Structure formats: C-alpha cells, structure tokens
Amino acid sequence: MNMDKQGLEFGKLLELFKQTQATMQTQAARAIDTALVVRNWLFGWYIVEYENGGAERAELYGKKLLQRLSTELEQVGLKGVSLTNLKQFRLFYESYKEISQALPDQSLETAVQELRQTPPVEALTVLHKPGILNEITSKLAKRFILGWTHYVTLLTVKNVEERRFYEIESAENGWGYRELERQINSALYERLSLSRNKDEVKELSVKGQIVEKSSDIIKSPYILEFTGLEERKSYSEHDLETALIDKIEHFLLELGKGFLFESRQKRFSFDNRHFYVDLVFYNRLLRSYVIIDLKIGDLKHQDLGQMQMYVNYFDRLIKTEDEKPTIGILLCLTKSDELVELTLPKECNIYTSEYQLYLPSKEELKKQMEEVREEVTPYGTNSENIKLNNNIKREM
C-alpha cells in the first residue's frame, strides 16, 4: 500500500472518530436537557401534591413553603432551584398535568396517596422507592420532546391547543427557542387558523401544520418584521425584495414547511417582451413551484391578471408532468376581497395575502378568528376550505 492511499484511509478513520465523538456529544447534551425537563416537571408535581396535602399543611407553610424549600435545596447543593424557578416548575407541571395520565396508574396513585399522607419531613422521599421513579422518569423522557428553554417559552402560551401546536412544530422543524419565540409573537397559530375550518384548526394541535394542498401553505397575514423596513417609511418593491433576500433564512421560516428558494427576478420572454417574477420558490412537500409577486400598495386587478399569466407560463413551460400545478401568491400591503373574487376565476391556484412589517396584535387576530365562522368556497382552491380573510387593519 502506497503512502498516499494509506494517508487517505487514515484520514477517513480519523474523520470517523471525530464524527462519532460529535454525535455522542450531541446525544449526551440532548439527554441531559431531557433529564432536566423531566426533573423540573417532577419537582412541580411534588410541590403541587404537597400543597394539596391538607388544610393543616397549607396553614403551616403557606407562602413560605417555596422559599424554605429553595433555601434547603440550595444548601444541599442542588442547582437551579431558586424561588422563581420553583414557581416556574409548579406552573410547568400544572400546564402539562395531563401527562400524569400516561404514567403507570397503580404506581402513580400509590405515590400520590403516600405523598399526601406522609409527614412533611419525609414527603419528598416517597417516590424514591425501588422501580417507581425509574418507571415514571422513563415514560416522561419519551413524552417531552424539547429542551427546558423551549418549555419556558411555551409556558407563555395559555391556550392548551395552541401550546401543543407550537410544541409539535418546534420539534419537527428544529426551531431554536428564539425561533419559537418569534413564531409565537408573530401569532403563527392564529394566522394559520384563519385559513382553516374548525376541524382543521383542531388538527393543528394534534398533528401540527400538515401540508397536503396549496391552501395549507397560505397565512393571513405574512409577518415581515425581520426585514427592518420601517412601517411608515417610504420604500420601493425593490427595497422589500432586497430585504427579503438579505434575510432569506428568516423569510423561509415565515413561509413555512417545505420551501426551497430558487431565484429572484426570474425572467421569461415571449413576443420579444421580457417579464420578471419577483421571487420563485419550490415546495418539496407539495411538489410544486410557488411564485411570489410583491406589491407595496393597494392590489389592482392588473396585478391579478399578471400573476395569472405567470402561473400559466410555469404550468405550461416550466413544471414537469409529475409536478403539481404552480401556486401564485400576491403579497400586498392592502387588498379588496371583492376585487379578488370578481377578477379571478373560481378554480385557480392564486392567493392574495397582506403583509405586515410589525408583529401583530394577538387580540386583533383572535377577534378576527371569532368573526370567521361560516365556511364558504374560496377563490383559488376547493370547497373544503374556508375563504381566506386577510383584512387585518394597519395603523399607517
């Protein structure tokens, strides 16, 4: 074996060691984080069950319980058990209390009863009987799919279905906690809910966002605060396009699942005339092109006609036979639903949605959700979906 080949094989061996080490470190870190989540839920459970142990116990300790507990635990060397954290653990347990139903019934019931009946000094040792704690912690580790920082963020979401939706989406999309915060603050759940009927809204909290048809990727409105453009400052469509490209990672996150960026200002020509599509994406889940045109003012019927031409061009000359029809999205500052309905044919794959350069008011979106009750046939999709209602008001 010559030296070059021997050196190449040794390099592969070395790389294998390095990759394995990196993988194991990642798994170890994930395991530690999961253990922390499980620990904190159990701590919250201990506190709640101990506080529910009877009137005498509540009267004896009252508000001083958590402070005394924090002090005693810190003295024996436990980390992260400040008064604030203990309150957070209690809230964590109460927010995910339903998980206890999946724990071993007999062991759980026995542990809870003993915890309530045990004298205060011995109360926190009840679950450390052989087998009980190991059985409980192993089941909890399978249920909690995120890190502790993620769950701290999720505790800000009071609605159970909404919180479950963000938990699923965060795990499936690999969101960091800052990305999770951004999606919560941008009211992703409410915006997706506005374009779905009641049954589909319920599915969001069970399965997360499922992308099976073109309407599944539409939001109302799109939130583009990451561009840095000022809401009241004059800017051009080119400025908006450039800001989106400069922040393409953020824009892909806002667009949602399955999006791949292909090009900007995509040119196509016929009759010695040139036309340019602002942004071209491909959605691998739908297996279709998604073309986006940006409008900084009111949407006009000419804009809709132009988008129809773009979609026709891609359908007839770009996409392959095994790909799904092209989806057209017009992002505009303001629009008239009546204009859209009168201009577009009922069966088309074009959507219009407004955008905002600031985080929306969740109360405003929730109010709008309550107003969208009746299911009607939208323009650009089939009758099983509700009409997209994008008339979010803006303070301009």
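Restricted to segment 169-204, and to residues there that are surrounded by 19 or more Cβ atoms within 10 Å (Cβ to Cβ) and among the polar types (S, T, N, Q), the residue that is nearest to Gly147 (Cα to Cα) is Ser170. Of everything in segment 284-302 that's surrounded by 19 or more Cβ atoms within 10 Å (Cβ to Cβ) and not in a strand (DSSP E or B), which residue is modelled with the highest pLDDT? So, considering only residues that are surrounded by 19 or more Cβ atoms within 10 Å (Cβ to Cβ) and not in a strand (DSSP E or B), the one modelled with the highest pLDDT is Leu286. The residues in segment 167-204 that are of a type in the set (Phe, Trp, Tyr) and within 18 Å of Glu363 (Cβ to Cβ) can be counted, and the count is 1.
What tally of residues in segment 213-230 results from selecting those that are surrounded by 13 or more Cβ atoms within 10 Å (Cβ to Cβ) and not in a helix (DSSP H, G or I)?
9
Within segment 270-283, the set of residues being surrounded by fewer than 19 Cβ atoms within 10 Å (Cβ to Cβ) and either closer than 20 Å to Asp239 by Cβ or among the β-branched types (Val, Ile, Thr) (or both) comprises Tyr276 only.
Tally the residues that are outside any loop (DSSP other than H, G, I, E, B) and either over 29 Å from the mean Cα position of the chain (by Cα) or surrounded by fewer than 16 Cβ atoms within 10 Å (Cβ to Cβ) (or both), restricting the search to segment 313-333. Total satisfying the criteria: 6. Answer yes or no: is there a residue in segment 352-366 that is surrounded by fewer than 18 Cβ atoms within 10 Å (Cβ to Cβ), at pLDDT 85 or above and part of a strand (DSSP E or B). Among the residues of segment 352-366, at least one is surrounded by fewer than 18 Cβ atoms within 10 Å (Cβ to Cβ), at pLDDT 85 or above and part of a strand (DSSP E or B), which makes the answer yes.
Ile210 meets each of the listed conditions (1) of a type in the set (Val, Ile, Thr); (2) in contact (Cβ under 8 Å) with a residue 12 or more places away in the chain; (3) exposed (fewer than 15 other Cβ atoms within 10 Å of the Cβ) apart from (2). Within segment 232-269, the set of residues being part of a loop (DSSP other than H, G, I, E, B) and among the charged types (D, E, K, R) comprises Arg232, Lys233, Lys247, Lys257.
For segment 208-215, check the following and say yes or no: at least one residue is among the charged types (D, E, K, R) and under 17 Å from Asn185 (Cβ atoms). Give the steps one after another, and end with the answer.
As a first pass, look at segment 208-215 and keep what is among the charged types (D, E, K, R): 212-213.
Add one more test, that the residue is under 17 Å from Asn185 (Cβ atoms), and what stays is none.
There is no residue in segment 208-215 that is among the charged types (D, E, K, R) and under 17 Å from Asn185 (Cβ atoms).
Consider segment 51-74 and keep the residues that are surrounded by 17 or more Cβ atoms within 10 Å (Cβ to Cβ) and among the hydrophobic types (A, V, I, L, M, F, W, C). The one that is modelled with the lowest pLDDT is Leu65.
Across segment 233-269, the qualifying residues are those that are within 20 Å of Arg316 (Cβ to Cβ) and either under 22 Å from the mean Cα position of the chain (by Cα) or without any contact (Cβ under 8 Å) to a residue 40 or more places away in the chain (or both), and the one among them that is surrounded by the most Cβ atoms within 10 Å (Cβ to Cβ) is Lys266. Sub-6 Å Cβ pairs linking a first residue in segment 174-191 that is charged (D, E, K, R) to a second residue that is outside any helix (DSSP H, G or I), at least 6 apart or interchain, are Arg191/Lys219; Arg191/Ser220, ordered by first then second residue. Scanning segment 153-168 for residues that are free of Cβ contacts under 8 Å to residues at least 24 places away in the same chain and crowded, with 18+ Cβ neighbours inside 10 Å, which turns out farthest from Phe226 (Cα to Cα)? Looking at residues that are free of Cβ contacts under 8 Å to residues at least 24 places away in the same chain and crowded, with 18+ Cβ neighbours inside 10 Å, I get Glu167.
The values are calculated or read from the model by the stated rules, or taken from the named source; none is laboratory data. These numbers were taken from a predicted model, which means no experiment stands behind them. Methodologically, a virtual Cβ is constructed for each residue, glycine included, from the backbone with ideal geometry; neighbour enumeration extends over all protein chains shown.
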